[in-house]
2 protein chains.
Amino acid sequence: MREIVLAARPQGEPKETDFELRDADEREPGDGEVLVRNVFVSVDPYMRGRMTGIRTYVDGYDVGAPIGGGAVGRVVASRHDGLSEGDWVSSMLGWREGGIVDGGTLRKLDPKLAPPSTALGALGMPGFTAWVGLQEIGQVKEGETIYVSGAAGAVGSAAVQIAKRKGLRVIGSAGSPEKVEWLRSLGAEAFDYRETPAREALADGIDVYFDNVGGEQLEAALNALREFGRVIACGSISRYNDEKPQPGPRNLAFVVTKRLRMQGFIVTDHVARFGDFVREVGPWVGDGTFDARETVLEGLENVPAAFAGLFHGDNTGKMLVRVGPDD
Amino acid sequence: MREIVLAARPQGEPKETDFELRDADEREPGDGEVLVRNVFVSVDPYMRGRMTGIRTYVDGYDVGAPIGGGAVGRVVASRHDGLSEGDWVSSMLGWREGGIVDGGTLRKLDPKLAPPSTALGALGMPGFTAWVGLQEIGQVKEGETIYVSGAAGAVGSAAVQIAKRKGLRVIGSAGSPEKVEWLRSLGAEAFDYRETPAREALADGIDVYFDNVGGEQLEAALNALREFGRVIACGSISRYNDEKPQPGPRNLAFVVTKRLRMQGFIVTDHVARFGDFVREVGPWVGDGTFDARETVLEGLENVPAAFAGLFHGDNTGKMLVRVGPDD
């Protein structure tokens, strides 16, 4: 089985040469361990930060070492109670075709409840991020207006759909006419940020801003926020490839005059709520009323391209790479 | 009695010619009204925003109209129950030698409990702002480290002293050796921001930042804040005279990675807590263990200079202008 290692720390946009495909060491699973064959590998914007090697809330990746991250696959051989050959599991195996892990770190998936790949998207970290951001951080209320940037991404599209279900008016931005169309089908008012300045699209005012993008969108949102508005600071994908830190918004003074609350969060701090999240959102995904759209590339060798594509908006919904057959 | 009107909207720093001294209309108090002679007039940084004429949380001042604001004085004649000649009162009469007001808008002061002028500082809006910011917004806890910028100002020096009483480690910055000395006498670790970069002074890390200043201090504080840190966004005096909005800090990404909460507030939203504040801080001011220092200029004609001086750090503690004798 092959794996991808970090060959060099990306400068600016991640390039193919920053990564290297190699054969992984193989061995038999020990006591309590499980051999997993990956079917889907996840690429997520937060991984860009780990490639800088600076420890933030999570360790940086080491040059020459494999790139850990979310993956979904099937058990090939198990020496862990409660997991058997053929089981679907989600793991942190990352960018590889499979490997051996401590069975205790795996989450068993029931493919009858929802497609297993959704454990990396709508029912995984991105969906949970949207749910935590809206409820715990933004404390959104029925009847409020929320603006979601990066709304056609994995987190954004979950935020749009959860906010709609909670009775909010939802405005979403994305970077293509097709994405805008999709967001409208989800019940959002949507605009293409390449065509329409956010300032214009948000002219009626908003109560909450779910920030996946940073930069100009944040500045426009600060202008549009009403008194006592909240910024759910989730990420700033427009900035992750910056080689130099860029200045912040010119209108932070609104934080005081409009009594805004801007709060950052990392979803892993909230794992205690994961069960509540799955109980609420799982049935929607299961019955198909929640659109868990995915953009799926094929083959481990295409993982770096899929990852780089996140920063160009190549994905609609969750970006995944299929690295093996379902069965 | 004379009053000061806004002659022109200041461009950049407020100048003498932006204001005009004139004789006020005089009349007798009507039913329920009180004629008050001002003794102290308050100048406060937030008034700069009102001079732009843009409504934020409070109306802008009109050109040609008097400048409302805090004042403390004595009743000359009363047609309001519960107020008699000679009573000390605090009012929103603003930059004038006195005037007629609805008695219901006045707060009667007891000069035996604390010097009446403190109703404009330590026991008034600035002290209450510090108290609300620390408790309601920052939710500070014993043992935490707080950084207060503008620490020798009216709000800052109250924040320093209240935070010390609540068992925090307090770091304060100010703009002269004398102010630094004073802050040290209040129990703060203090530095002169003109001499020492905040980044250096805060190298050990902080849990909370009480921001009175904005700009570079905010950027340094974001660097220094620990995980789950809070920014009490109170004001940004370094920016109030900017003619063009300036870019924000280059390190706002820390809001996410360190899960920071930055929250603005306006003290008038919290009036319901004013009684609690006075009950807690009043005795400290009364017994002299809380240093309610004031910088006092003399004469109504010097109010514009006192106001302009706020932006040059001319004050230590609360800046006031005495416009009449005590009795």
| Residues that are closer than 13 Å to residue B:184 by Cβ and among the charged types (D, E, K, R), drawn from the range B:151-169 | B:164
| task | Take the residues in the range B:229-247 that are in a strand (DSSP E or B) and more than 9 Å from chain A (Cβ to nearest Cβ), then tell me which one is farthest from residue B:151 (Cα to Cα). | result | B:229
| residue A:216 away from chain B (no Cβ under 11 Å), in contact (Cβ under 8 Å) with a residue 12 or more places away in the chain and either surrounded by fewer than 22 Cβ atoms within 10 Å (Cβ to Cβ) or under 21 Å from the mean Cα position of the chain (by Cα) (or both) | yes
| field | Unique match (being under 23 Å from residue A:172 (Cβ atoms), at pLDDT 95 or above and not polar (S, T, N, Q)) among A:275, A:324, A:309, A:299 | value | A:309
| said: Just checking, does the range A:290-301 include any residue being buried (at least 16 other Cβ atoms within 10 Å of the Cβ), touching a residue at least 60 places away in the same chain (Cβ under 8 Å), touching an Asp or Glu at 6+ places or on another chain (Cβ under 7 Å) and not in a loop (DSSP other than H, G, I, E, B)? | reply: yes
| Complete set of residues in the range A:90-107 that are of a type outside the set (S, T, N, Q), within 17 Å of residue A:321 (Cα to Cα) and in a strand (DSSP E or B) | A:93, A:96, A:98, A:99
| task | Check whether at least one residue in the range A:164-176 is open to solvent by 10 Å² or more (accessible area, probe 1.4 Å) and without any contact (Cβ under 8 Å) to a residue 24 or more places away in the chain, and report yes or no. | result | no
| task | Give the residue, chosen from B:250, B:279, that is in a helix (DSSP H, G or I), open to solvent by 20 Å² or more (accessible area, probe 1.4 Å) and of a type in the set (Lys, Arg). | result | B:279
| field | residue A:71 of a type in the set (A, V, I, L, M) and under 30 Å from residue A:181 (Cα atoms) | value | yes
| query | Considering only the range A:219-228, how many residues are within 11 Å of chain B (Cβ to nearest Cβ) and more than 12 Å from residue A:250 (Cα to Cα)? | reply | 3
| What are the pairs, 6+ residues apart or on separate chains, where a residue within the range A:20-40 that is under 20 Å from residue A:327 (Cβ atoms) and open to solvent by less than 60 Å² (accessible area, probe 1.4 Å) has its Cβ under 9 Å from a residue that is aromatic (Phe, Trp, Tyr) and assigned to a strand (DSSP E or B)? | A:39/A:88
| Can you spot a residue in the range A:124-137 that is assigned to a loop (DSSP other than H, G, I, E, B) and of a type outside the set (Gly, Ala, Ser)? | no
| query | With respect to residue A:49, is the statement that it is under 26 Å from residue A:155 (Cβ atoms) and free of Cβ contacts under 8 Å to residues at least 12 places away in the same chain true? | reply | no
| Quick check: is even one residue across the range A:120-130 among the aromatic types (Phe, Trp, Tyr), within 13 Å of residue A:70 (Cβ to Cβ) and crowded, with 22+ Cβ neighbours inside 10 Å? | yes
| Given (1) away from chain B (no Cβ under 14 Å); (2) in contact with a Phe, Trp or Tyr (Cβ under 6 Å, 6 or more places away or on another chain), where does residue A:183 come up short, assuming only one miss? | (2)
| Qualifying residues in the range B:264-276 (those that are within 30 Å of residue B:20 (Cα to Cα) and open to solvent by less than 20 Å² (accessible area, probe 1.4 Å)) - the one farthest from the other protein chains (Cβ to nearest Cβ) | B:267
| task | For the range B:255-263, indicate whether the set of residues that are within 11 Å of chain A (Cβ to nearest Cβ) and within 19 Å of the chain's Cα centre (by Cα) is non-empty. | result | yes
| said: Consider the range B:63-89. How many of its residues are of a type outside the set (A, V, I, L, M), open to solvent by 30 Å² or more (accessible area, probe 1.4 Å) and in a strand (DSSP E or B)? | reply: 3
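The values are calculated or read from the model by the stated rules, or taken from the named source; none is laboratory data. All figures in this text were calculated on a predicted structure; none of them were measured in a lab. Using ideal geometry, Cβ is built from the backbone for each residue, glycine included, and neighbour counts are taken over all protein chains shown. Please note that ligands, DNA and RNA were not included when accessible areas were found on the heavy atoms of the full protein model with its side chains. Shrake-Rupley method; radii C 1.70, N 1.55, O 1.52, S 1.80 Å.
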